[in-house]
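Student: Pasting a structure below so you can have a look.
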Amino acid sequence: GRWINDEIINYFLKNCLAKRDELLCSTQPGRKRSHFFNSYFVQTMFDDKNSHPAKRGRYNYNNVKRWSKKVPGKDIFNLRYIVCPINLDNMHWTSAVIYMEDKKICYYDSLGGTEWTKLEGLLEYVKDEHKAKKGKELEGWEDWELLGCPDNIPRQFNGYDCGVFTCMFAYFISNDYPLVFTQEHVDRCREWIAIDIMNNGAVELYSTGLRRSSAER
């Protein structure tokens with residue numbers, strides 16, 4: 001099928017992109033690591049599978065308080081980016097990125113929408129994580145920005161490429177690349193994701209010519 005499922009997205013983020021980020025940081029002294037949560041992180045944070053209707057969809061830090069043990073250094077406050085893929089009602093893939101150094105959280109949706117509740121929940125997570133792990137309130141949390149989906153990001157023109165866009169947003173952002181791809185590049189992106197997974201993150205997108213040809217437009 002043309003729909004990319006959670007297993008593919010999670011493997012690509014947690015293995016291919018995480019490995020690429022580790023290599024990037026090894027070549028750039030002082031660059032902080034990034035972390036790629038899997039698609040169950042936000043789902044679990046909001047209790048989306050709770051059988052009790054009153055609790056379903058509500059932010060619950062206790063559900064995810066142990067997840068930070070798996071981030072590089074076990075400390076989210078020493079990270080550069082935190083990428084959070086989000087599945088909406090088993091119908092659409094989106095994502096949010098926590099820019100830890102810039103103190104902002106941005107939503108990325110190839111259809112242009114924004115789930116503000118998710119952004120607000122992620123900020124609560126950052127605040128609760130600081131209180132739980134550092135023993136005090138997050139200083140200056142009022143200065144954090146919650147940013148809806150930018151108007152100028154790449155958009156999908158069909159009903160099934162959202163997973164590819166979600167993967168590509170994560171790849172481009174975590175490497176500090178401008179979002180230069182478009183719908184017309186998606187087939188090539190889809191092929192690259194498959195090849196990269198088969199090679200466990202060893203195939204650079206430059207080898208497809210996509211970033212180069214896009215930047216020249």
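Student: Could you report segment 1-69's accessible area per residue, 1.4 Å probe, as an integer in Å²? Walk me through the numbers before you get to the answer.
Tutor: Values: 3930 Å² over 69 residues.
Per-residue value: 57 Å².
Student: Sequence-distant or interchain residues sharing an amide H contact under 5 Å with Lys104, placed H: which?
Tutor: So Lys104 has HN proximity to Tyr99, Glu145.
Student: Keeping the other protein chains in place, figure out the carbon and sulfur percent of the accessible area of the chain, with a 1.4 Å probe.
Tutor: C and S atoms contribute 47 percent here.
Student: I need the fraction of alpha carbon pairs in segment 1-135 separated by more than 27 Å, rounded to a whole percent. Spell out each step's value before the answer.
Tutor: Details: 1716 of 9045 pairs.
Of the Cα pairs, 19 percent sit more than 27 Å apart.
Student: Counting other Cβ atoms within 10 Å, which GluC sites (Glu not before Pro) in segment 6-105 have at most 16 and lie in a DSSP loop? Numbers along the way, then the final one.
Tutor: Values: sites: Glu7, Glu22, Glu101; in loops: Glu101.
Those that pass, being in a loop and sparsely packed, are Glu101.
Student: Let me ask something else. With +1 on each Lys and Arg Cβ and -1 on each Asp and Glu Cβ, and nothing else charged, work out how big the dipole of the chain is about its Cα centre, in Debye to the nearest 20.
Tutor: The dipole magnitude comes to about 740 debye.
Student: Okay, next question. Within the chain, which is the longest segment that contains none of the chymotrypsin sites (Phe, Trp or Tyr not before Pro) sitting in a DSSP loop with at most 14 other Cβ atoms within 10 Å? Could the numbers behind the result be given before it?
Tutor: Details: sites that count: Trp3, Phe157, Tyr160.
Formally, the longest exposed-site-free interval is 4-156.
Student: Probe of 1.4 angstrom, ligands and nucleic acids ignored: what's the accessible area per residue over segment 87-144, in square angstrom? Don't jump to the answer; show the numbers that get you there.
Tutor: Details: 2920 Å² over 58 residues.
Here the residues of segment 87-144 average 50 Å² of exposed surface.
Student: How high is the relative contact order of segment 47-108, in percent, with contacts defined as C-alpha pairs under 8 Å that are six or more residues apart? Each step should come with its number before you reach the end.
Tutor: Numbers: 70 pairs, mean separation 11.9, N = 62.
Once normalised by length, the contact order is 19 percent.
Student: Gly113: net charge of surrounding residues, Cβ under 13 Å, Lys/Arg +1, Asp/Glu -1, itself excluded?
Tutor: Numbers: positive: Lys118, Arg155; negative: Asp89, Asp109, Glu115, Asp151.
Here the count lands on -2.
Student: Can you list residues from other chains, or at least 5 along the same chain, whose modelled amide H is less than 5 Å from the amide H of Gly113?
Tutor: Those qualifying (amide H under 5 Å, at least 5 residues apart or on another chain) number zero.
Student: Using a Gaussian network model of the chain with C-alpha springs under 10 Å, which one of Asp187, Asp143, Asp21 is most mobile by mean-square fluctuation?
Tutor: Among Asp187, Asp143, Asp21, the largest mean-square fluctuation in the Gaussian network model of the chain belongs to Asp143.
Student: While we're on this one: What is the extension gain from Lys70 to Glu101, computed as 0.36 nm multiplied by their sequence separation minus the C-alpha to C-alpha distance, in nm to one decimal? Spell out each step's value before the answer.
Tutor: Numbers: separation 31, 0.36 × 31 = 11.16 nm, distance 1.95 nm.
Full-extension gain reported as 9.2 nm.
Student: I would also like to ask the following. Under a cut-off of 18 Å between alpha-carbon atoms, report the lysines in cross-link reach of Lys136, not counting same-chain residues fewer than 8 places apart.
Tutor: Candidates past the 8-residue exclusion: Lys65, Lys74, Lys103, Lys127.
Student: Here is a follow-up. Calculate the spin-label point distance for Asn200 paired with Asp143, positioning each point 7 Å from the Cα along the beta-carbon direction, and give it in nanometres.
Tutor: 4.2 nm
Student: Oh, and also: Using only alpha carbons, build the gyration tensor for segment 81-217 and give me the equivalent ellipsoid semi-axes, biggest first, whole Å.
Tutor: Numbers: eigenvalues 175, 55, 40 Å².
Whole-Å semi-axes of the equivalent ellipsoid: 30, 17, 14.
The values are calculated or read from the model by the stated rules, or taken from the named source; none is laboratory data. These numbers were taken from a predicted model, which means no experiment stands behind them. Every residue, glycine as well, gets a Cβ built from its backbone with ideal geometry; the counts of neighbours run over all protein chains shown. The protein model used for the area step is the full one, side chains on, heavy atoms only, and it has no ligands, DNA or RNA in it. Shrake-Rupley method; radii C 1.70, N 1.55, O 1.52, S 1.80 Å.
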